[in-house]
1. Taking one equal scatterer on every alpha-carbon of the stretch 53-110, how large is log10 of I(q)/I(0) by Debye at q = 0.23 1/Å?
2. How much length would be gained if the chain were fully extended between ILE37 and SER75, taking 0.36 nm per residue of separation minus their Cα-Cα distance, in nm to one decimal?
3. In the structure shown, do any of LYS35/LYS85; LYS35/LYS71; LYS61/LYS85; LYS12/LYS61; LYS35/LYS61; LYS34/LYS64 have a Cα-Cα gap over 24 Å, and if so which?
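The numbers here are math on the coordinates, done by the rules we state, and not lab data. Keep in mind that this is a model prediction, so the values were computed, not measured.
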Amino acid sequence: MICEGPEEQLDKFLRDIDIREETPTGIRVEVMEKKEILIDFPLPLRFAPTEVEELRDISRKLDKGVESLKKIEGSVSLNTELTAKNTEILQDINNSLPQRIAQALKDVLK
């Protein structure tokens, strides 16, 4: 889950969702770790904090957050695959470049 906001609001939110036993909706948080990340994620505005949230609201937001993270994960995965493919193509070009230059020079000097 990725959260954004003033530290005191984030701390309160994390305390509110620190659920150690399973709830009627099936939510169970076993491990929670707080880290600051310096990457800007495009979070939808609908995740804005409210003063008091019911457990069902928190569950709904967590589900929406999981959906958003899956989209981010898919995008990162696709970009990683494309980067790997582009790197492979560039390496092939780089490896064949001396032979291609030599052949071009031979063709010009004929």
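1. Ignoring solvent entirely, the Cα scatterers give -0.88.
2. Between ILE37 and SER75, full extension yields an extra 11.8 nm.
3. In this structure, LYS35/LYS85; LYS61/LYS85 lie more than 24 Å apart at Cα.
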